[in-house]
Amino acid sequence: MLLFLASLLALSSGILSLDKLNMCMNAKHQKVEPGPEGALYNQCAPWRDNACCTANTSEEAHNDYSYLYNFNWNHCGAMSSKCKKHFIQDTCFYECSPHLGPWIQPVDQSWRKERILNVPLCKEDCEQWWEDCKDDVTCKTDWHKGWDWSSGTNKCPADSKCRKWTDVFATPKSMCEQVWSYSYLYTTYTKDSGRCMQLWFTGSNPNKKVAEYYLNAAQRGQSFPVFMLLFLSVILFFCNNVLA
């Protein structure tokens with residue numbers, strides 16, 4: 001019986017892992033399940049074949065004052081268009097991507113029940129993002145928390161001041177990892193490595209294979225406990241039925 005249960009556990013674990021390759025977060029605007037969205041707007045269009053966002057969400061992601069989160073990119077004056085482009089891509093990635101399963105974590109927040117943590121970003125995406133924003137200005141390192149929301153949109157807190165981007169984020173690594181509370185992990189992997197997630201792509205979505213790689217790596221790390229459970233089950237079966 002124990003051997004059967006152990007086998008069932010291993011099988012169910014594999015099925016659940018497969019689900020993580022095509023799933024949506026339990027967050028504020030994502031759909032329950034991913035699927036085609038042929039009308040995705042502008043920079044969200046790469047996900048149209050299989051998306052966790054709706055067309056309305058994709059359009060709102062491009063607005064300075066969006067109903068999505070009431071977040072104001074221009075909290076220290078007008079953000080440059082080349083910098084804002086990356087934040088829109090980042091929003092599309094977060095809202096639309098169906099391949100974030102390996103990095104989804106439960107959270108207890110009023111506006112979402114799950115978040116992403118340490119998603120490995122490709123070096124090119126992170127470094128170009130920082131390069132295009134380095135002449136912009138901001139007042140905070142962590143944009144997830146600590147804002148003054150008294151006006152209904154985010155404003156810099158009273159004890160902060162607007163500073164040059166490179167004074168707040170000295171490196172691409174510090175920006176990518178800190179700006180959204182370590183939702184992202186800076187890596188030295190390039191887009192052709194198959195080991196990092198791309199915020200922007202053309203053609204078919206390359207991120208599914210990356211998610212599969214990390215999911216398989218996690219399964220390999222769990223294979224020893226499953227093996228030990230199977231081994232102990234055999235020992236107990238032998239003791240109960242042969243030596244009795």
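The values are calculated or read from the model by the stated rules, or taken from the named source; none is laboratory data. Remember, it's a predicted structure, so these values are computed and weren't measured experimentally. Methodologically, a virtual Cβ is constructed for each residue, glycine included, from the backbone with ideal geometry; neighbour enumeration extends over all protein chains shown. All accessible areas refer to the heavy atoms of the entire protein, side chains included, with ligands and DNA or RNA removed. Shrake-Rupley method; radii C 1.70, N 1.55, O 1.52, S 1.80 Å.
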How do 124, 114, 33 stack up against each other in accessible area, from largest to smallest, with a 1.4 angstrom probe? 33, 124, 114
Sorting 37, 177 on solvent-accessible surface, 1.4 Å probe, most exposed first, gives 37, 177
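Remind me, what semi-axes does the range 142-218 give for its equivalent ellipsoid, largest first in whole Å, using sqrt of 5 times each Cα gyration tensor eigenvalue? Don't skip to the end; give the middle numbers.
On the way: eigenvalues 213, 43, 28 Å².
Semi-axis lengths for the range 142-218 are 33, 15, 12 Å.
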Where Lys and Arg each count +1 and Asp and Glu each count -1, what net charge lies around residue 192 among other residues with Cβ under 14 Å from its Cβ? +2
Cβ-based charge dipole, the range 44-195, positive-most Cα from 102, 51, 168: 168
Go through 150, 58, 110 and list them by solvent-accessible area, largest first, probe radius 1.4 Å. 110, 150, 58
Can you give me the accessible area per residue for the range 137-204, using a 1.4 Å probe, in Å²? 52 Å²
With x for Gly and Pro, the residue-by-residue ³J(HN,Hα) of the range 144-159, computed from phi through the Karplus equation 6.51 cos²θ - 1.76 cosθ + 1.60 at θ = phi - 60° and given in whole Hz, is 7, 8, x, 7, 8, 9, 4, 8, x, 9, 6, 10, 4, x, 4, 8
Can you pull the accessible area of residue 88 for me, 1.4 Å probe, Å² to the nearest 10? 10 Å²
Please turn the phi angles of the range 111-123 into ³J(HN,Hα) values with the Karplus equation 6.51 cos²θ - 1.76 cosθ + 1.60 (θ = phi - 60°), one per residue in order, whole Hz, x for glycine and proline. 9, 6, 10, 9, 9, 9, 9, 6, 5, x, 8, 5, 3
Once phi is turned into θ = phi - 60°, what whole-Hz ³J(HN,Hα) does the Karplus curve with 6.51, -1.76 and 1.60 give for every residue of the range 47-54, x standing for Gly and Pro? 8, 4, 6, 7, 9, 9, 10, 9
Could you compute how much accessible surface residue 210 exposes when probed at 1.4 Å, giving the result in Å² to the nearest 10? 10 Å²
Keeping the other protein chains in place, figure out the carbon and sulfur percent of the accessible area of the range 115-182, with a 1.4 Å probe. 48 percent
Sparse-neighbour loop sites [trypsin sites (Lys or Arg not before Pro); the range 145-206; at most 14 other C-beta within 10 Å; DSSP]: 145, 161
Report residue 113's accessible area, 1.4 Å probe, all protein chains in place, as a number in Å² to the nearest 10. 100 Å²
